[in-house]
1. With the cut-off at 1.5 for a/c, could you classify segment 155-222 from its C-alpha gyration tensor as rounded, prolate or oblate?
2. Roughly what % of Cα-Cα distances in segment 27-109 sit above 22 Å, to the whole percent?
3. What whole-number value in Å² describes the accessible area per residue of the chain for a 1.4 Å probe?
4. Over 18 Å, how big is the tail of the calculated P(r) for segment 76-174, in percent of all Cα pairs?
5. Please report the carbon-and-sulfur percent of the accessible area for the chain; probe 1.4 Å, protein heavy atoms only, DNA, RNA and ligands left out.
6. What residue among I86, I110, V189 has its Cα farthest toward the positive end of the dipole of the chain, where the charges are +1 on Lys, Arg and -1 on Asp, Glu, each on the Cβ?
7. Can you list residues whose amide H is under 5 Å from V107's amide H, if they're 5+ apart or on another chain and H is modeled 1.01 Å from N?
8. Taking every pair of alpha-carbon atoms in the chain, give the share separated by more than 20 Å as a whole percent.
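The values are calculated or read from the model by the stated rules, or taken from the named source; none is laboratory data. Not measured: the values here are computed from a predicted model. All Cβ positions, even for glycine, are placed from backbone atoms using ideal geometry, and neighbour counts span all protein chains on display. The accessibility values were calculated without ligands, DNA or RNA, using every heavy atom of the protein model including side chains. Shrake-Rupley method; radii C 1.70, N 1.55, O 1.52, S 1.80 Å.
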Amino acid sequence: MKKQIFLMPVLLLLGSCLTDDDQPSVEDITNGKKWTLEIGSSPSKVYEQLQELSIEKDFNSVNITYRKPYSKPEEIQSDISLYNSITLETTTGVLERVLIGFDQNRVVSIEKGGAHFENIPSWPQDQPENVSINVNDPLDIIADKLIALYQIPNSKSYQITLPDKCLAKPYDPVMGNYDEWFFTFSKNVSHSKNRRNSVKLYFKNKKLVKIRNEYAEFTMVD
């Protein structure tokens, strides 16, 4: 399974490749279309347009801006099978994270750690198999298992985060509750230069009202 990479660190890395002469340009679109994206479209329609655009521009996810972590499983309204993973992270004491990866409607990986991850067969490892989340568990039991696990005192210190939305999977209706989405893509413009596009989508009253495209060319350094 391919792991998703969060967008902002990638932007910081690419920004280090910019030369002094390469200044970003910004265009705001509030009427008509940009690429496949059409002003006035509903969130679900924009998602379809993004799926089409992702094939053309070679990117695979969209960030749901300002989506906050969940303090308990009952707060998650999204169907987690529409995502490639979930992350659980401690909010007190020593940082510890658990990354649970999904594919083909089952758990395919569990990784645990702070700065470095290690593969583990189940989490929590001190619980019996019928209670813990295990590699090869079907996804349709994970939500109930999480709710049960959060009754265990040690598990209550973890917050749950959903990753960027994988465009290869169907639309999550909960995305429509957020007024800003974000994605990036890059394209070679010569043997030594790339163009990076950083795109924000703004919604109001469940309609796309603005596309902000910030783009710049940067020199690739060997």
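1. Working: a/c = 2.76, a/b = 1.57, b/c = 1.76.
Because a/c hits 1.5 or more and a/b fails to exceed b/c, segment 155-222 counts as oblate.
2. For segment 27-109, the fraction of Cα-Cα distances above 22 Å is 46 percent.
3. With the other protein chains kept in place, the chain gives 56 Å² per residue.
4. The answer is 45 percent, as a whole percent.
5. 49 percent
6. Positive-most Cα among the choices belongs to V189.
7. Result for V107 returns N136, D137, L139.
8. Considering the chain, 64 percent of its Cα-Cα pairs are separated by more than 20 Å.
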